[in-house]
1. As an exercise: evaluate Y66 against (1) surrounded by 18 or more Cβ atoms within 10 Å (Cβ to Cβ); (2) free of Cβ contacts under 8 Å to residues at least 12 places away in the same chain and give the number of the one condition it does not meet.
2. So which residues in the range 78-97 are within 18 Å of the chain's Cα centre (by Cα) and either at pLDDT below 95 or surrounded by fewer than 19 Cβ atoms within 10 Å (Cβ to Cβ) (or both)?
3. Among (1) at positive phi; (2) surrounded by fewer than 21 Cβ atoms within 10 Å (Cβ to Cβ), which single condition is V161 missing?
4. Of the conditions (1) among the charged types (D, E, K, R); (2) more than 28 Å from Q177 (Cα to Cα); (3) at pLDDT below 95, D30 clears all except one; give me its number.
5. Evaluate the following for R42: is it crowded, with 16+ Cβ neighbours inside 10 Å and of a type in the set (K, R)?
6. Mind checking which helices (runs of 4 or more DSSP H) fall wholly inside the range 1-87 and carry at least 3 residues that are closer than 28 Å to G192 by Cα and in contact with a Phe, Trp or Tyr (Cβ under 9 Å, 6 or more places away or on another chain)?
7. For the range 87-99, what are the residues that are more than 13 Å from L11 (Cα to Cα) and in contact (Cβ under 8 Å) with a residue 40 or more places away in the chain?
Amino acid sequence: MSKSRLRVGVLVSGSGSNLQALIDSCSGTDHPAEIVTVISNRPGVKALERARAAGIEAVTVDHKAYPDRESFDAEMQRALDSAGAEFVCLAGFMRLLTPGFVEHWSGRMINIHPSLLPSFKGLNVQQRAIDAGARFSGCTVHFVTPEMDVGPIIQQAVVPVHQDDSAESLAARILEQEHRIYPASLRWVAEGRIRIEGGRVLLDNAAAPAGSMLNPAPESAR
């Protein structure tokens, strides 16, 4: 009997380009994961259209309709449970999650962040990297913990910061790498290839962490 696929719920807030990368990667029955629901805290966003176009359940849980974060997160939990989700991916989800929600999904929820964590946590990271004179930036896939942007790192990709970069141009090049490493990281999880030990992510039980940096984009990609 073949092993069942990992049932994944994706939380979104906007256009959903990382969602699309995950959808494209998970297409086909040979992939070890399947996206069973996409939940947005904002109605009418493009990410919901992407889900429907792929035949995936698209749900809106509008945070404005709830008096506090706890009741909002409880409704998201109900939606995930209803879809039978076993794992959660955050793909441009722009809400802080309550500690209770995060603890419930401990070791079963990952996020993509557009910087090389632990540097430049939070928002506006591309402009902050430029202003700081950073020579390299990039993106990080990590497990989600109650403290923002500090969870165990699964994978990173490095992108050079050019002297003439704007926040927009740097973000665009980083996004290309996000679309590459996020689906790869989800596949590793679904294949059972990674585990967390001592705050580090290990790949295939190797001594070295899976979060080692990938090569920067070549000069021809500028």
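1. With (1) surrounded by 18 or more Cβ atoms within 10 Å (Cβ to Cβ); (2) free of Cβ contacts under 8 Å to residues at least 12 places away in the same chain applied to Y66, the lone miss is (1).
2. Within the range 78-97, E86, M94, R95, L96 qualify.
3. It is condition (1) that V161 fails.
4. (2)
5. Values: crowded, with 16+ Cβ neighbours inside 10 Å: yes; of a type in the set (K, R): yes.
For R42, the condition - crowded, with 16+ Cβ neighbours inside 10 Å and of a type in the set (K, R) - is met.
6. Of the helices (runs of 4 or more DSSP H) lying wholly inside the range 1-87, those with at least 3 residues that are closer than 28 Å to G192 by Cα and in contact with a Phe, Trp or Tyr (Cβ under 9 Å, 6 or more places away or on another chain) span 17-26, 69-83.
7. The initial filter retains those residues of the range 87-99 that are more than 13 Å from L11 (Cα to Cα), namely 98-99.
Of everything in the range 87-99, just one residue is more than 13 Å from L11 (Cα to Cα) and in contact (Cβ under 8 Å) with a residue 40 or more places away in the chain, namely P99.
Yes/no per residue for (1) over 22 Å from V38 (Cβ atoms); (2) among the charged types (D, E, K, R); (3) assigned by TED's automatic domain parsing to the domain that holds P43:
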{"position": "A79", "(1), (2), (3)": "no, no, yes"}
{"position": "M94", "(1), (2), (3)": "no, no, yes"}
{"position": "P118", "(1), (2), (3)": "yes, no, no"}
{"position": "K121", "(1), (2), (3)": "yes, yes, no"}
{"position": "Q127", "(1), (2), (3)": "yes, no, no"}
{"position": "V141", "(1), (2), (3)": "no, no, no"}
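The values are calculated or read from the model by the stated rules, or taken from the named source; none is laboratory data. Just so it is clear, the model here is predicted, and its values are computed rather than measured. A quick note on method: Cβ atoms are made from the backbone with ideal geometry, for glycine too, and the neighbour counts reach across all protein chains shown.
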